[in-house]
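*Asks:* Before anything else, here's the structure in question.
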Amino acid sequence: MSSKPIFLATHPRACSTAFERVFMTRRDTLNCAHEPFGDAFYYGPERLSERYENDETTRIKSGFSKTTYRDVLNRLEKDGSEGKRVFIKDMAYYLMAPEGKSTTIAPSFCSEKPNGHANGTTNGVNGVNGHHTNGHGTNGYTNGAVNGHANSVKKGVGTASTEPGNPTVLPLDELKKYHFTFLIRHPRRGIPSFYRCTVPPLDDVTGFKDFMSNEAGYVELRVLFDYLREQKLVGPRLAEAAQDGQSNGLSNGNGHTNGQKEGEVTITVIDADDLLDHPHEVVEAFCKETGIPFVPEMLNWDNPEDQKHVEDAFAKWIGFHNDAIKSTCLSARTHHKTITEESENAEWLEKYGEEGQKAIRDCVNENIPHYEYLKQFCIKV
């Protein structure tokens, strides 16, 4: 069993903030870090996103315009020095340049390694065979210059370098420090939820003024997942349901059933639909795999102290977490709506018009293969 800081890697609108709230009730033993890498991804000198590239005012107003990826890790290391285990919930796409563009190790790390390669060297990564994302093939996901921001990333933070096969801005030695887990949600539910946050009236609250399909996050989560498996940072064993103790049936590749060794990190993938249908069982299974003592009271946070804590913690992503902030517990949903592609198209057309409906459907279809690939590794409850 690993005792490393837990890194829950996910994509937008995967019910991840509701899941995070469960662990925010354990402030006696856990320090929760809410999407810390978004600070560097969107606003800092090493930013990979183009969303605020031409909006210096917003970057400065965020308070993170000088935050590098090294700064984020320093902050997490400080959190871990306070006698509590760190629980990080964050988006995998914050660690990579969008649309399969080339990515280097963040320059703020490379200044510590004077013998690093020159900026612009590329690393070919196998990526996701046979699928394409946002018009860019993900087969051959590459590592090179940081999303074209060469001028900005060089300002006072060193020279970029590369690690063969590493699709992220974090050095492998840094990735090795974390216990990675994963949370997914079907694109038919995740994508329209994200789209809603990028159009009126909610876009005035979130600050995301347009829908960028490269923020869907599924392909980056898949790429990260495969790289961590390749490096043996997760697996080969699969996580089990907490109560039955049985393997979930997917081959581990070595003929063994689940049974963790000391320090081993199992492949722990959760589907949001399973979480919503069976919250007790899913959270208990997750705790079993990560070494967090489970108590049923974790699923209830109906008290002023917890509410005030999350309001402060979620303030920087205002508008995205309203439902999670207003919630008082995580309980099993009691009804399921029958949905077809036709009914979805009609709903999206009514809400967002023809252009919005098409954008959502295209993005959904594009990301279903990545979701289904990760789905096969999910905990069975």
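The values are calculated or read from the model by the stated rules, or taken from the named source; none is laboratory data. All of these numbers come straight from a predicted model, not from anything done at the bench. Here Cβ is always computed from backbone atoms with ideal geometry, including for glycine, and neighbour counts include all displayed protein chains. The accessibility values were calculated without ligands, DNA or RNA, using every heavy atom of the protein model including side chains. Shrake-Rupley method; radii C 1.70, N 1.55, O 1.52, S 1.80 Å.
*Asks:* Among the GluC sites (Glu not before Pro) in the stretch 36-110, which ones are in a DSSP loop with at most 15 other Cβ atoms within 10 Å of the Cβ? Mind listing them?
*Replies:* GLU53, GLU82
*Asks:* Further question on the same structure: For MET212, what charge total do you get from the other residues with a beta carbon under 11 Å from its beta carbon, if Lys and Arg give +1 and Asp and Glu give -1?
*Replies:* -2
*Asks:* Top to bottom by accessible area (1.4 Å), largest first, where do HIS280, HIS336 land?
*Replies:* Sorted by accessible area, descending: HIS336, HIS280.
*Asks:* Which length gain, in nm to one decimal place, applies between ASN300 and ASP173 when the Cα-Cα distance is subtracted from 0.36 nm times their residue separation?
*Replies:* 42.0 nm
*Asks:* Using Cα-Cα distances under 8 Å and only pairs 6 or more residues apart, what relative contact order does the stretch 1-61 have, in percent?
*Replies:* For the stretch 1-61, the relative contact order is 15 percent.
*Asks:* Order ASP28, ASP210, ASP274 by their accessible area, 1.4 angstrom probe, all chains in place, largest first.
*Replies:* ASP28, ASP210, ASP274
*Asks:* Taking the Cβ of GLU230 as the centre, find all other residues whose Cβ is under 15 Å away and add up their charges (Lys, Arg: +1; Asp, Glu: -1).
*Replies:* So the environment of GLU230 carries a net charge of +2.
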